[in-house]
Structures are given as structure tokens and as C-alpha cells.
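These notes concern the structure reproduced below.
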Amino acid sequence: MEDRAIAESLSALNHRLVDHLLDAGYAVTPESWRSPHMIAARHPHKAAADVAADWKSRNVYVSARGDWLRIAPHLWIDEHDEQCFLTAIKQE
């Protein structure tokens, strides 16, 4: 896959995930601050490290960076993994 096609594919995935994060009440960095392959999100009430640990127990791997979650979906882009991510968001 060509670099541009990869970036476009990841950008589309990130837009879907951002929409779900926003619907679940998370704060998300503005699009102008994001790269096409990464998202930063913050839970409204829980520490990022606690959310990351909970998601890890559901086989969704993100990293805590201060108050923010660093989400790099290019590492888990199949439909099953995306569904696991959406389930984890809804259970927070």
C-alpha cells in the first residue's frame, strides 16, 4: 500500500474512533494537532493510567501520557480490534 493510501486509511479510522470517543464524553485533541495515525484522548473523570489499565484487561493497548491516553490504532486496525476498542470505551 502506498504511503498516501496508508495515511488516508488511518485518518478515516481515526475519525471514526474520535467520533466514538467524543460520544462517550472523552476530550480529544483537535484534528489540527493530530497526526493521521495517532489520537490523544482524556476521560472526563478517570486518570489516564487507570483507563489504560482497564482497557489492557480487555486486550486494548494504549499508553498513558500524563492526563492523556495515547492511542495508536495503526497497531490494531482490523475490525475485531476496533470493536474491542469501542466496547472498552462504552464500559468506562
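Where a number appears in this text, it was derived from the coordinates with a stated rule and is not lab data. Note that the coordinates shown come from a computational prediction; the quantities given were computed from them, not determined experimentally.
The shape of the chain can be summarised by an equivalent ellipsoid whose semi-axes, obtained from the alpha carbon gyration tensor, come to 21, 15, 11 Å from longest to shortest.
In the chain, the DSSP-assigned H stretches of four residues or longer account for a calculated mean residue ellipticity at 222 nm of -15000 deg cm²/dmol, using -39500 (n - 2.57) per stretch and the full residue count as denominator.
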